[in-house]
Amino acid sequence: MTSIVLYFNSAITLAVPILLVAIGVCYSEKSGVYAMNSDSSMLGSCFISVAIMLGTGNAVLAILGGVLAGGIIAALFSIFAVRIGANQCLIGLAFNFTVMGLTSSLLRLFWNTGGIPQFAQPGRVAIPLLSQIPVIGAILFNQPVMIYLVYIMVPVSWWVLFKSTWGLQIRAVGENPSCADSVGIRVIRTRTIAVIVGGLFSGCGGAILAVQQVGTFTEEMTGARAWMGIISAYFGGWSPIGSAGAALVFGLAESLEKRIQLLPFINLSSYVVQMFPYIAALIVIVLTGRNRRHPAAMAKYYQKQ
Amino acid sequence: MNDTKKLNSATVIQTIFRLSSVIGAIIGLLIAALFLTLLGINTIEFFVELVKGALGSPKAIGNTLNRAAPYMIVGAATAIAYECGSMNMGQEGQVFMGGLGAALVALACPGLPKPLAIPLALLGGMLLAALYIAIPVIFRLYKGINEVLTTLIMNYVATLIVSAMVIGPIACTTSSSYPRTDEFGAAYMLTNWRDIGHLHTGIFIAVAVVILAIYFFYVHPAGLKARAVGFSPMASRTAGISPTKVFALGMLMNGAFCGLAGGVELLGRYNNLRGSYADGIGWDSLIVALLSGLDPKGVLPAALFFGGLYTGISTLQRTLGVPSALLSLIKGCIVIFVMTGTAIQKYHQAKLKKPAKKEA
């Protein structure tokens, strides 16, 4: 029983960075901008938050710094993708390359071969009454503090995107920009802000990954998490709640990857086990299939006439 | 009169667009140099050493050409595939599968004579890589799933498959010190020249592929169809060309040539398969294709430039302690500027026209 509880508990912890990226992708793609850049925001945020953590030792400052870094990188991306109108997919990829090169070079130059020293991660906090609920309490409410914030972030983002005026504007811009323009919504501005908010969320995911889970910075430490975030958003139909569910699938797969080798009767090569999240991603994509109609103006450049 | 004027401004913009690749490459290098200056490495010294590292000796030239060979093959194929309306991002994985296919053939038939062995192994690589890319193609055709994410995810799967194969089913039988397969034997080795940095015959295969690509793209009727689809899928549909078919064939062709590049890299540089034997070739080649302006004619210089860049920075890592990750930074900057140039040409021509006319 305890091992099952532990399995789900760690699945939620592992799903959180992917989940945050997925929420960010919802904002960005609902406004019609393909969020291929989320890996750059995430990785940049990992680096900045680790640097701040080493400098000040303050986890809150580190995460705030990481979130901000993600936003700034996304703002730069929006200049090229939204204003100039370069191919969003390829420019996103280019941003990923640039940030990857920048962080890896800085890592090599400042910390040389030794790498960044490991630091202590903030501990878990059990919520007094809720964590007493059998099974569910131990799974959901015995987590690090940051993860409780994420529980709030999901419904809030859903409300913002689907119930608020600003969310309506974002969706209008993503579906039919010229129509939105004709009723006075500033298309480029709305898209830019949506992309930056997306970057803030991706940055938050990166910061939590670095500060909370890994406790150090390594080259290309985000792996494929940002892609999984994009896939989660796709599977969830660009709704934060649906995306959260999809991100949990990846959390479960990743948790399985970490735990299956501890089982005595299963003898799998570690490389095969590492494939689990990717295979899960492919299965998720295939299951979603044609059922998802993406925002009509996604990846399409809009120029004010 | 009016017509010639239109043509003129079009050619001028075309030239600016062509130059945007070169400008992008220069700006990318300058940003890298600026970055190094901040860290106390002299810019001039950096460029001198970079050129020396890439072209300074026969060994360096050999290394540059060896690295450029797979770039040319994958770059030319990717340029054409993108013109066919596909967005394949899985070159990295397909190159790895190509190497695996070649290795499987080599391990399965060890006794073959060389003229038979090498084509067979390369064909095996092409076949496996084409089968691998068939998965996202099928997803796209029958499930309507965009190929960008599927090919991206399958990159990770391919590298893991190769890593799992070399410690499992086809692991080395004689020693277990380093994860790799058995030696393939001399029949599966492309001829190479020791004096010029082990330059192997792969470069001739690569140049042949590029020439074939140029012929196909500009002369062959099928190439015209591909360009029509890339230019306007709607118009080509009314002209009786099926964009779906062109897309599928373009993707499969791209996969097969990625496999060929993987096979060439494997048989030319190594005589056994190891976990990370072609790290980065697929990604670099995608950048080569973009740098060429998705035109097979531009692939040759772009591939040579990138081969030199790679070799130069690898050398600098040893001599000046420059981190090799700098290559990623330069790659990113190049793509940002090339894509910006394309977008400006596409959307902001009106603003461009005035200064362009003055130049002309």
Honestly the stretch B:228-313 on the Cα gyration tensor test (a ≥ b ≥ c root eigenvalues; a/c under 1.5 rounded, otherwise a/b vs b/c for prolate or oblate) is just oblate
Taking the Cα centre of the stretch B:68-319 as the origin, how large is its charge dipole in debye, to the nearest 20, when only Lys and Arg (+1) and Asp and Glu (-1) carry charge on their Cβ atoms?
380
Along the positive direction of the dipole of the stretch A:125-227 (beta-carbon charges: Lys, Arg +1; Asp, Glu -1; about the Cα centre), which of A:PRO177, A:ILE196, A:SER157 reaches farthest?
A:PRO177
Label B:LYS245 and B:THR15 with points 7 Å out from Cα along Cα→Cβ: what is the distance between them in nm?
4.1
Roughly how crowded by other chains is peptide A:268-279, in terms of the mean Cβ count from those chains within 10 Å of each of its Cβ atoms?
5
Between A:THR218 and B:ASP279, the two model label points (7 Å from Cα along the beta-carbon direction) sit apart by a distance in nm of 1.3
Gyration tensor (Cα) of the stretch B:68-319, equivalent ellipsoid semi-axes in angstrom:
31, 21, 17
Tell me, in nm to one decimal, what length is gained between B:ILE167 and B:LYS59 on full extension, where the rule is 0.36 nm per residue of separation less the Cα-Cα distance?
35.6 nm
Given R₀ = 22 Å, what would the calculated FRET efficiency be for B:LEU131 paired with B:ALA108, taking r from the Cβ atoms and rounding to 0.05?
0.85
Would you calculate, for chain A, the mean residue ellipticity at 222 nm contributed by helices, counting each DSSP H stretch of 4 or more residues as -39,500 (n - 2.57) and dividing by all residues, to the nearest 500?
-22000 deg cm²/dmol
Residue-normalised 222 nm signal for chain B, counting each DSSP H run of n ≥ 4 as -39,500 (n - 2.57), nearest 500 deg cm²/dmol, is -26000 deg cm²/dmol
Calculate the radius of gyration of the Cα atoms of chain A to one decimal place, then report Dmax, the largest Cα-Cα distance, as a whole number, both in Å.
19.4, 66
If R₀ is 41 angstrom, what is the calculated FRET efficiency for the pair B:VAL51 and A:ILE133, using the beta carbon separation as r and rounding to 0.05?
0.05
Let me understand the protein assembly as shown better: what is its radius of gyration from the alpha carbons, and its Dmax, in angstrom?
25.2, 85
Compute, for chain A, the length of the dipole vector about the Cα centre, with Cβ point charges of +1 (Lys, Arg) and -1 (Asp, Glu) only. Units Debye, rounded to 20.
660
Which is the longest part of chain A that has none of the trypsin sites (Lys or Arg not before Pro) sitting in a DSSP loop with at most 14 other Cβ atoms within 10 Å?
A:1-185
Under 17 Å from a point placed 7 Å out from the Cα of B:LEU30 along the Cα-to-Cβ direction: which residues of the stretch B:46-84 have their backbone N that close?
B:46-48
Counting Lys and Arg as +1 and Asp and Glu as -1, what is the net charge of the other residues whose Cβ lies under 14 Å from the Cβ of A:VAL5?
+2
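Mind running the shape call on the stretch A:199-281? Use the C-alpha gyration tensor, a ≥ b ≥ c as the square roots of the eigenvalues: rounded below 1.5 for a/c, prolate if a/b tops b/c, oblate otherwise.
oblate
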For A:ASP39, B:ASP284, B:ASP295, what ranking results if the residue with the fewest other Cβ atoms within 10 Å of its Cβ goes first?
B:ASP295, B:ASP284, A:ASP39
What three numbers, in Å, describe the spread of the alpha carbons of the stretch A:1-43 along their principal axes, ordered from the longest?
45, 21, 9
Shielding by partners, peptide B:253-264 (average Cβ within 10 angstrom, other chains):
0
Dipole in debye (nearest 20) - the protein assembly as shown, about Cα centre, beta carbon charges: Lys, Arg +1; Asp, Glu -1:
1800
Measuring from a point 7 Å past the Cα of A:TRP166 along Cα-to-C-beta, which residues in the stretch A:11-53 have an amide N at less than 12 Å?
none
Taking neighbour counts of Cβ atoms within 10 Å as a proxy for exposure, in what order, fewest first, do A:VAL211, A:VAL187, A:VAL154 appear?
A:VAL154, A:VAL187, A:VAL211
Give the residues of the stretch B:279-307 whose amide nitrogen is closer than 14 Å to a point set 7 Å from the Cα of B:ARG227 in the direction of its Cβ.
B:294-298
Everything considered on the Cα gyration tensor (a ≥ b ≥ c; rounded for a/c under 1.5, else prolate if a/b is larger than b/c, else oblate), the stretch B:45-198 must be described as oblate
Given B:LYS143/B:LYS245; A:LYS30/A:LYS163; B:LYS297/B:LYS331; B:LYS143/B:LYS346; B:LYS52/B:LYS331, the pairs whose alpha carbons are separated by over 24 Å:
B:LYS143/B:LYS346
Quick note on A:SER255, A:SER243, A:SER41, B:SER314, ordering by fewest other C-beta atoms within 10 Å, gives B:SER314, A:SER255, A:SER243, A:SER41
Förster radius 25 Å - calculated FRET efficiency between A:VAL272 and B:LEU141, Cβ distance, rounded to 0.05
0.30
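Give me the Kirkwood hydrodynamic radius of the stretch B:108-179, using the inverse of the mean 1/r over all pairs of distinct Cα atoms, in Å to one decimal.
14.8
Each reported figure results from applying straightforward, stated rules to the coordinates on display, with no laboratory input. What you see is a predicted model; the values in this text were computed from it and never measured. As a convention, Cβ positions derive from the backbone with ideal geometry for all residues, glycine included, and neighbour counts pool all protein chains shown.
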